[in-house]
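Below you'll find the structure, written out as structure tokens, and then a few comments.
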Amino acid sequence: MGNTFTNASECWKEILKDPRNNKSLLPNIERFARENTKPAEIVFGTSGWRGEIGTDYTFNNVRIVTSAIIEAFKSEDKDFMQAMGVDSFEEIKKRGVIVGHDNRFLGRDFAMEVIGLLQQEGILTWYSGESITPEFSAGLEMLKAACSINLTPSHNPANFAGFKFNPSDGGPAGTEITSLFESYANRMMKKGVVLKTYPVSSLQHIDLTDLYIKYLKTKSTIDLERIISFINSEDLLLCIDNVHGATRGKVQRILGESKKILYLRTEQDYLFGGIAPEPSEKNMIGVEAILKGSNAKFKLGVIMDPDGDRIRFSDGSMQIPMNYFGAMALHFLYQHKGIRGCVAKSVGTSNFVNAIADKLGIAIKETKVGFKNFRPYLLESATERAIVAFEESDGISLYNHTLEKDALIGLFVALEMMAVIGKNISVYLKEIMNTFGTFYPDRSGIAVDRSLAGKPLLDKLSVVSKKYPAGTSINLNGVDLAVKEVLTVDGTKIILEDGSWFMIRPSGTEPKVRFYIESRTEGGKNALFTLAERIAMEAIEN
């Protein structure tokens, strides 16, 4: 059957139709990945370069991207080196590069290609094996390495692989870094370059989980001893869904083995059981079923994506997405742990945290979408350091913690929350809402004509902010509401006088318009979606 496939995309479609029975087709994907030398356009998005394994994410293209990174190192471009946190190529060679991967298909094989090329240039390399995003971030600081290469596409479906790069401070790479990678890589792609494999001379293994544990203890943002004591002494059920990802085994090493902790989907499965391995409401069904069937006094369930940088919560009574949890974390760290600073959030995130911050006198920093935009507020040298930095797409980091988002720190702060306040997290959330107000966020989107993708769509939608400035009136479901504020940090966010808002944001790469909304009543969400779509379509058609 494998001989009938002319490309990897065809094969992946067949595999994903019935993952359980068609996983035997994966050797065909490996063949395409090794033999396909067709060029691809390299774009480093908010979390690196991603592509379909065997189609554009091939062994030759991984070699090209790695070679482009090496060329950027050698260029010693001033802005690039400053963003990297190093002075020269020689310094990079001595401080070294950490290379690892999540547990997707061919992860180790791709990593060996990267390490072979780096070693050929005399660059010190550490191999971390199966690792998660926050471990790279912590490991860079603990080792004082120059950078890391993490081969992961995060929460993307099984047919994808990825290439995530972090400079020496452990944060996501900014455009000062990635634009150079793109430039060198795409130049080679246009020439149709085919690069040879360089064998790995020797593997220097590094245990990133061990470094992460030492990092947590050094930073002391969360109290590990109190958490472990809480688990051991209380009537507790903790359920963790690893969704067949690289987070498996991490919590056991940090918190210790316990009969009170259940782990779901820890088996190796390159196809993730046929689902998109993301911390979604739908994917939490298994966790919630276990929690609802338990009589434990304290209950907490989480689901984490394969590279451990996204997390979603439940206590059996309700699911708590990051829109709410990030606000809860701010309240907890400020009120119960005495941590001071600002709060950083992406512009599409719920204003629930704004209501809390306003009443407590905490400065609010709203950024563009993408965790890399939180870097100025997470650095130790920042004049205003974030108590919490989070985004609606389930990513979070805390004061004095990694510049990357971290699912594990989300889990630990939830456990410490429970230990300190003596309540389940949904009870705590309701108490906070009773004080600061109730908010109902959601998101959606529509597809538009492919000819509009990119700048044309951006230009058309830019008129929205001009048409509806502060002070104008908008009819929402039969009620005229004044526009209180307009933010154009990333798209157009229109905040109405009742505290509800909608944001219209064009995709930078796809022919799509994304809508983020927040109503003050659950029943008001549909009206906001309808309004946002109407305004967007008016702008596009005109």
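Return a yes/no flag: does region 287-297 have any residue that is among the hydrophobic types (A, V, I, L, M, F, W, C), open to solvent by 50 Å² or more (accessible area, probe 1.4 Å) and free of Cβ contacts under 8 Å to residues at least 24 places away in the same chain. Yes; the residues of region 287-297 include at least one that is among the hydrophobic types (A, V, I, L, M, F, W, C), open to solvent by 50 Å² or more (accessible area, probe 1.4 Å) and free of Cβ contacts under 8 Å to residues at least 24 places away in the same chain.
Against the conditions (1) open to solvent by 40 Å² or more (accessible area, probe 1.4 Å); (2) of a type outside the set (D, E, K, R); (3) closer than 23 Å to N351 by Cα, G524 satisfies every one except (1).
Applying a threshold of 8 Å to beta carbon distances and a minimum spacing of six or more residues, or different chains, the list of pairs starting in region 243-264 at a residue that is open to solvent by less than 20 Å² (accessible area, probe 1.4 Å) and ending at one that is of a type in the set (G, A, S) and in a loop (DSSP other than H, G, I, E, B) reads G245/G308; A246/S131; A246/G308; T247/G308; K250/G308. In region 52-164, counting only helices (runs of 4 or more DSSP H) that sit wholly within it, none holds 3 or more residues that are modelled with pLDDT under 95. Can you tell me which residue among S137, S154 is closer than 15 Å to R375 by Cβ and buried (at least 23 other Cβ atoms within 10 Å of the Cβ)? After applying the criteria, what remains is S137. Here P306 meets each of (1) in contact (Cβ under 8 Å) with a residue 40 or more places away in the chain; (2) open to solvent by 10 Å² or more (accessible area, probe 1.4 Å) with one exception, condition (2). Only strands (runs of 3 or more DSSP E) whose full extent lies in region 243-315 are considered here, and the ones with at least 3 residues that are under 23 Å from the mean Cα position of the chain (by Cα) are 298-304, 311-314.
Go through the residues of region 34-49 one by one and say whether even a single one is outside any strand (DSSP E or B), at pLDDT 95 or above, open to solvent by 10 Å² or more (accessible area, probe 1.4 Å) and β-branched (V, I, T). Yes. Look at region 61-86: where a residue is more than 11 Å from C147 (Cβ to Cβ) and in contact (Cβ under 8 Å) with a residue 60 or more places away in the chain and a partner is surrounded by fewer than 21 Cβ atoms within 10 Å (Cβ to Cβ) and β-branched (V, I, T), sitting 6+ places away or on another chain with Cβ atoms under 7 Å, you get I64/V193. When region 190-216 is filtered for residues that are in contact with a strand residue (DSSP E or B) (Cβ under 8 Å, 6 or more places away or on another chain) and surrounded by fewer than 16 Cβ atoms within 10 Å (Cβ to Cβ), the ones remaining, listed by number, are L203, Q204, H205, D207.
Among the residues of region 349-372, just one is buried (at least 21 other Cβ atoms within 10 Å of the Cβ) and part of a strand (DSSP E or B), namely T367. Name the single residue that is most open to solvent (accessible area, probe 1.4 Å) among those in region 329-348 being part of a loop (DSSP other than H, G, I, E, B) and at negative phi. Per the criteria, the residue is R340.
Take G326 and decide whether it is of a type outside the set (S, T, Y) and either buried (at least 16 other Cβ atoms within 10 Å of the Cβ) or not in a loop (DSSP other than H, G, I, E, B) (or both).
Details: of a type outside the set (S, T, Y): yes; either buried (at least 16 other Cβ atoms within 10 Å of the Cβ) or not in a loop (DSSP other than H, G, I, E, B) (or both): yes.
So G326 fits the description; yes.
If the condition is being under 27 Å from T133 (Cα atoms) and either surrounded by fewer than 14 Cβ atoms within 10 Å (Cβ to Cβ) or aliphatic (A, V, I, L, M) (or both), then region 1-33 contributes L16, L26, I29, A33. Counting only helices (runs of 4 or more DSSP H) wholly contained in region 419-531, the ones carrying 3 or more residues that are over 29 Å from the mean Cα position of the chain (by Cα) occupy 463-467. Condition (residue is touching a Gly at 6+ places or on another chain (Cβ under 6 Å), surrounded by 14 or more Cβ atoms within 10 Å (Cβ to Cβ) and either under 25 Å from I409 (Cβ atoms) or at pLDDT 95 or above (or both)) applied to region 217-224: is it met by at least one residue? Looking for residues that are touching a Gly at 6+ places or on another chain (Cβ under 6 Å), surrounded by 14 or more Cβ atoms within 10 Å (Cβ to Cβ) and either under 25 Å from I409 (Cβ atoms) or at pLDDT 95 or above (or both), one finds none in region 217-224, hence no. Are any residues in region 87-106 open to solvent by 10 Å² or more (accessible area, probe 1.4 Å) and not basic (K, R), and if so, which ones? Once the filter is applied, which keeps residues that are open to solvent by 10 Å² or more (accessible area, probe 1.4 Å) and not basic (K, R), region 87-106 yields D87, S88, F89, E90, E91, H101, F105, L106.
The values are calculated or read from the model by the stated rules, or taken from the named source; none is laboratory data. As the structure is a prediction and not an experimental result, all values here were calculated from the model. Cβ atoms come from the backbone with ideal geometry, glycine included; neighbour counts cover every protein chain shown. These area figures cover heavy atoms from the full protein model, side chains too; ligands, DNA and RNA do not enter into them. Shrake-Rupley method; radii C 1.70, N 1.55, O 1.52, S 1.80 Å.
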